[in-house]
Structure formats: structure tokens, C-alpha cells
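The values are calculated or read from the model by the stated rules, or taken from the named source; none is laboratory data. From a predicted model like this one, the values you see are computed outputs, not experimental measurements. Virtual Cβ from ideal backbone geometry, glycine too; neighbours counted across all protein chains shown. Accessible surface areas use protein heavy atoms only, side chains included; no ligands, DNA or RNA. Shrake-Rupley method; radii C 1.70, N 1.55, O 1.52, S 1.80 Å.
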Amino acid sequence: MNGEDSQSLTASCLCGAVTFETAGSPIMSVICHCTSCRTAGHRIEERPGAPAVLDAIGGTTFLLYRKDRLRCTRGGEKLETLRLKPDSPTRRLVARCCNAPMALEFSKGHWLSMYRDRFPDHAQPPEMRVMTADQPDNIPLPDDVPAYARHSGRFMWRLLGAWIAMGLRVPRVPGLEAA
């Protein structure tokens, strides 16, 4: 793993059987309000012993990391893939041992969206809300961070900047071979 700074965090499932290590800072921290994240959040929360996935208004908070800046150090074989549709380009990785969601992966993406709740409390706080156009009208959004109806230009530029810094590569995440 290559890290541009010394920040390193460990993400783990509830029981500690699955862990990821990061190198460097995340690309960004976002709260997603899309229909897919809300639907998947409800499905995960229905599992026995699963933690809360959605916040009080239905958002899911992620830390987005370059795939070359993280690795699954333990329990990759315990990760289960959850897809909302069989042909979906996104998959959620859930620890079978305790039903804790670990990551969201877009199959052709150069980043992995890690569920922020799997990290220590001091991990980077959310910077923005995205996909708020999917939020039900009867649930008002707080004004704690900027909110965007879709993915903002800032969001897209940061993803593009990370990809350019990676040499336009899409590496595999070490330790996820079994997932």
C-alpha cells in the first residue's frame, strides 16, 4: 500500500473477525441518500444482530478510499456479497460473522466506499451529503454539511483527481480475493 501521509486507520466488523487497514487519508467522507443505499441499509439492518446502517434521516456515511490505499488484513473469506439486483455493478460487502456492513464497491471503480461506522470515532467526519434528490420529501435535511441533489462537481473532481494520482489504474484490494 502506498500512503501519501502517515494517517492509518483500522476498520473492523462488530466482532473483530474482519478487518481492513488504510494508508493515508480518504478521498472524502460523504453521506449518501440514494435509493440504493437506503434499500441496502434496510436489508442489512433486518439481519440478526446487524448494526444500524442508516442515520436518523436515512443517510449512509462512507469514507471513500483509493483501492491502492487499503487492504483486508483479516477475514476476507467471511465477507458476503450483497447485490440489490443480480447484474448490479455495485456490491456491498457484509461480514457474515456479525452482519456488519464493511464496504460498497463499484466494480469498475478505483475506490472502495467503506462504511464509516466500522472506523474509530476520530475518523474523518462527513464533508457533504449526496443524492439528496432521492430523499423522501417529508424528511428535512439538516444544514450540518453541504447537500447536493446528485453527485456534486466537487465529489466528481476528487474522485477523478484520485484516479489520476493512481495512474488511471483500477487495482484489486488485497485480501478481497475470496469475497
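Taking the average, over residues, of other Cβ atoms within 10 Å as the packing measure, peptides 143-155, 68-80 rank 68-80, 143-155 from highest down. Surface composition of the chain: carbon and sulfur make up 52 percent of the accessible area, probe 1.4 Å. The share of Cα pairs per 5 Å bin across the stretch 52-127, counted from zero up to the longest distance, runs 3, 14, 23, 29, 21, 9, 2, 0 percent.
In terms of its alpha-carbon gyration tensor, the stretch 1-131 comes out rounded; the largest-to-smallest axis ratio a/c stays below the 1.5 threshold.
Taking every protein chain into account, the accessible area of the chain amounts to 48 square angstrom per residue (probe 1.4 Å). Here the stretch 90-150 and the stretch 45-60 have alpha carbon centers that stand 11 Å from each other.
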